[in-house]
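Written below as structure tokens is the structure these notes are about.
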């Protein structure tokens with residue numbers, strides 16, 4: 001998976017920082033964004049293999065990211081992370097479209113395993 | 001009237017309230033435990049989730065903390081009821097800590113803060129106000145207790161005030177996009193000529209005056225840059241000005257201060273800032289003013305060798321002040337040190353030190369030529385090298401990344417740390433990335449599939465078996481701590497421990513939360529560590545999600561693997577910043593209930609509050625239950641029928657005795673109180689209960705007659721009653737045989753953290769020498785079971801907490817035996833050697849005299 005591209009979108013810097021560090025150790029190329037707009041701009045220019053996005057964000061939220069990604073690149077996998085309280089609603093609303101859901105805090109090991117699965121398919 | 005005022009102020013004991021019946025007291029006690037448990041579980045959870053294995057966000061911290069605050073507050077309220085509001089200060093302490101935590105998690109930065117801060121008032125989260133260098137130094141001084149010169153910081157608030165006072169922000173704005181050399185130079189000279197605003201001048205003068213009061217009028221300062229981001233994620237090494245040996249007078253300090261500020265706008269520095277994405281004016285400059293160390297020698301330590309070898313640290317050293325080493329101007333000595341338990345000097349190279357920088361008497365510095373015999377002589381003695389190395393290891397471990405450290409040793413031989421910042425080193429990529437297990441293959445496995453992992457990670461070193469807290473004083477840095485019991489006393493050595501392995505213990509104990517805080521790889525409840533691991537043996541503990549393995553010898557590859565994979569998060573500023581909240585949550589300062597600081601005011605964290613409440617609640621319960629005699633009168637007391645004449649009356653406060661049986665007496669079979677049953681069984685252990693009383697000597701008899709009514713009775717009449725107040729999980733046993741008074745209070749449930757045992761022995765009836773021998777004997781025995789002991793005169797108090805039900809039952813059984821055994825002891829303790837002999841006999845279960 002050397003060089004495979006992962007995008008992480010979360011409005012809290014620490015989430016992107018930690019994810020980048022952890023995923024880069026496994027040889028991924030990682031870009032992080034603090035909100036949806038620049039992330040979608042970037043996606044229009046370039047395809048990523050997996051997009052990990054927060055659900056609730058100001059402006060463009062995780063749902064919109066998901067829709068845009070699926071429209072642009074149906075084969076790109078989207079992993080949604082969200083506060084625990086929002087989980088049930090999110091699962092219901094997005095069933096079928098997302099590769100995986102994780103409530104925060106997300107165990108990094110599990111996120112990595114999920115990305116692995118996403119790339120194998 | 002006075003009483004009324006006292007009670008209004010909450011000063012009177014119990015504030016005149018009627019003491020509630022013991023059943024209610026016990027119920028309150030259990031409620032305190034419940035809330036305490038909930039709180040400790042949240043603390044453990046937070047420690048885990050913020051440990052680097054999870055992606056978390058601030059909302060998680062907010063919600064977990066809100067649950068925690070609720071539980072701690074609930075605990076305080078139950079505690080108030082239990083103690084009848086005897087600790088009103090606890091509320092104030094709680095809200096102070098709560099404020100600190102909220103400031104951190106809600107990112108509240110005071111819009112106008114202090115202009116000058118003494119180092120002792122700086123905490124790490126003030127990074128933005130005092131800059132990276134000041135924050136790191138204050139951290140080492142206040143938290144690691146390292147030797148840092150006395151100092152104060154001039155904050156970024158002062159910077160803002162200075163710039164605004166001199167109309168500079170507008171000028172910066174004008175050159176923000178295109179800072180050409182000439183406008184930068186103009187800006188610098190305006191700063192140098194600028195006026196210090198009056199309130200800053202007053203604050204500076206106050207700080208300087210305080211330094212002069214302590215260090216005398218001829219004191220000198222080093223005035224150093226400490227920019228917002230400096231020494232944080234970027235080092236800015238050598239970018240900013242440092243003015244050495246400035247007279248401690250406000251005018252001179254003010255001039256030096258302006259010089260340092262101006263250096264923020266030097267051409268080089270602006271270029272460097274630009275390289276890292278900052279524009280002119282993005283970064284604010286705080287300044288540190290440190291008392292000058294009149295250095296005989298000084299230099300720099302790289303905590304990792306420049307080639308990336310993490311086992312080796314390098315010390316550069318020269319005569320006089322360190323400026324020449326820092327700037328690479330002199331051919332310094334170099335010491336290569338292997339980082340081991342006992343640092344080992346593995347290489348030495350003496351430089352030709354033909355110049356040195358020293359302090360001038362009137363201020364400033366001057367370069368001179370050292371005496372001829374010094375030029376090629378080594379600057380450091382081996383002991384000094386080792387001492388510096390040990391400090392460097394500690395600093396590196398604390399900041400969890402390689403460090404670049406400035407140090408100085410003054411003319412009296414005292415070593416100081418002057419700065420520490422992250423050291424960038426090349427990543428060492430090793431050939432072959434085999435599985436971790438393969439690395440360890442050649443090493444024997446000492447323990448496997450045993451115990452519970454409290455903190456994951458890899459730790460290696462020599463085993464140091466701790467049998468009682470006193471031995472911690474001799475704990476060698478970098479060793480692996482092995483002990484029978486887990487204990488919060490271990491906090492004293494936490495910064496120096498490589499790993500901890502215990503026979504008993506739980507992942508939610510006080511110690512466990514300390515291990516998570518300090519990231520000490522820890523394995524508890526192995527049942528056999530003290531048996532399987534030898535004192536002095538080198539071992540490696542690998543603790544992970546899938547359990548733990550202890551290998552024979554140091555498996556260096558495992559250590560490096562761990563280093564590469566789990567500690568990296570520490571390099572993220574955001575991560576360190578978020579985790580900092582744990583400083584006010586999970587750190588435990590109230591370790592020893594016997595020290596003076598064990599007060600509400602001594603509580604600095606939520607964990608401290610919980611610890612305080614638990615300890616004092618047990619004390620409260622013990623005190624209330626002491627008046628068991630009243631309960632004998634008011635409750636239905638039931639006589640315990642045993643083959644041995646203990647004369648115990650049982651007061652059942654709920655679930656202590658099984659129903660049925662004779663109306664006013666109970667047999668052993670009827671006791672369902674777990675702790676009481678264990679004790680009574682111990683008393684009945686074959687051979688423990690000597691039927692024949694050993695005769696008292698005439699002297700013993702006379703001295704017993706001469707003694708004052710002893711403290712055991714508290715003036716009350718206990719005669720005739722031995723009382724056990726019991727519930728299913730609790731007992732308070734007051735038992736008196738002849739002149740021996742034993743009191744044992746115990747809570748014994750499935751939840752180890754709730755459990756405690758408090759044992760008190762007071763004796764009389766013999767001469768003082770024998771009495772003190774008896775105390776020694778009991779203390780020695782209790783220590784073997786892991787008790788914390790206080791012994792004074794003929795009183796011994798032992799406490800033990802957080803112990804599993806099974807273990808506790810065993811301990812109680814032995815305490816039962818001890819009560820029986822010591823009944824006849826006095827008469828046979830004829831010399832000092834007998835103490836050790838009888839203690840050994842007892843521990844080896846030989847109960848005949």
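Scanning the range B:41-65 for residues that are over 24 Å from residue B:751 (Cβ atoms), in a helix (DSSP H, G or I) and more than 7 Å from chain A (Cβ to nearest Cβ) returns B:61, B:62, B:63.
How many residues are out of contact with any strand residue (DSSP E or B) (no Cβ under 7 Å at 6 or more places or on another chain) and within 29 Å of residue B:215 (Cα to Cα) if we restrict to the range B:249-284? Counting residues in the range B:249-284 that are out of contact with any strand residue (DSSP E or B) (no Cβ under 7 Å at 6 or more places or on another chain) and within 29 Å of residue B:215 (Cα to Cα) gives 7.
Within the range A:1-21, restricting attention to residues that are in contact with a strand residue (DSSP E or B) (Cβ under 8 Å, 6 or more places away or on another chain) and within 14 Å of residue A:116 (Cα to Cα), the residue that is surrounded by the most Cβ atoms within 10 Å (Cβ to Cβ) is A:6.
Between B:601, B:574, the distinction of being at pLDDT 75 or above, on the phi < 0 side of the Ramachandran plot and surrounded by fewer than 15 Cβ atoms within 10 Å (Cβ to Cβ) belongs to B:601 only.
What do you reckon, is residue B:590 surrounded by 21 or more Cβ atoms within 10 Å (Cβ to Cβ), within 42 Å of the chain's Cα centre (by Cα) and either part of a loop (DSSP other than H, G, I, E, B) or at pLDDT below 90 (or both)?
Considered against the rule, which asks whether it is surrounded by 21 or more Cβ atoms within 10 Å (Cβ to Cβ), within 42 Å of the chain's Cα centre (by Cα) and either part of a loop (DSSP other than H, G, I, E, B) or at pLDDT below 90 (or both), residue B:590 comes out as yes.
Residue-wise test of (1) more than 14 Å from every other protein chain (Cβ to nearest Cβ); (2) assigned to a strand (DSSP E or B); (3) at pLDDT 90 or above; (4) more than 12 Å from the chain's Cα centre (by Cα).
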| position | (1), (2), (3), (4) |
| --- | --- |
| A:7 | yes, yes, yes, no |
| A:14 | no, no, yes, yes |
| A:18 | no, no, yes, yes |
| A:37 | yes, no, yes, yes |
| A:41 | yes, no, yes, yes |
| A:53 | no, yes, yes, no |
| A:66 | yes, no, yes, no |
| A:71 | yes, no, yes, yes |
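Do the conditions hold for residue B:206, that is, is it touching a residue at least 12 places away in the same chain (Cβ under 8 Å), under 37 Å from the mean Cα position of the chain (by Cα), over 25 Å from residue B:405 (Cα atoms) and surrounded by fewer than 21 Cβ atoms within 10 Å (Cβ to Cβ)? Spelling it out, residue B:206 is indeed touching a residue at least 12 places away in the same chain (Cβ under 8 Å), under 37 Å from the mean Cα position of the chain (by Cα), over 25 Å from residue B:405 (Cα atoms) and surrounded by fewer than 21 Cβ atoms within 10 Å (Cβ to Cβ).
Among the criteria (1) within 10 Å of chain B (Cβ to nearest Cβ); (2) touching a helix residue (DSSP H, G or I) at 6+ places or on another chain (Cβ under 9 Å), the one residue A:24 does not fulfil is (2).
Yes or no: the range B:554-563 includes at least one residue that is surrounded by 23 or more Cβ atoms within 10 Å (Cβ to Cβ), part of a strand (DSSP E or B) and more than 14 Å from chain A (Cβ to nearest Cβ). Within the range B:554-563, not a single residue is surrounded by 23 or more Cβ atoms within 10 Å (Cβ to Cβ), part of a strand (DSSP E or B) and more than 14 Å from chain A (Cβ to nearest Cβ).
Highlighted here are the strands (runs of 3 or more DSSP E) found entirely within the range B:749-849 that include at least 2 residues which are more than 22 Å from residue B:470 (Cα to Cα) and modelled with pLDDT under 90: B:756-763. Of everything in the range A:86-117 that is more than 14 Å from chain B (Cβ to nearest Cβ) and not in a helix (DSSP H, G or I), the residue that is modelled with the highest pLDDT is A:99.
Those residues that are within 14 Å of chain B (Cβ to nearest Cβ) and either surrounded by fewer than 17 Cβ atoms within 10 Å (Cβ to Cβ) or modelled with pLDDT of 95 or more (or both), I need them from the range A:55-64; list them, please. Of everything in the range A:55-64, those that are within 14 Å of chain B (Cβ to nearest Cβ) and either surrounded by fewer than 17 Cβ atoms within 10 Å (Cβ to Cβ) or modelled with pLDDT of 95 or more (or both) turn out to be A:56, A:58.
The values are calculated or read from the model by the stated rules, or taken from the named source; none is laboratory data. Please read all numbers here as calculations on a predicted model, not as lab measurements. For neighbour counting, all protein chains shown are included, and Cβ atoms are generated from backbone atoms with ideal geometry for every residue, glycine included.
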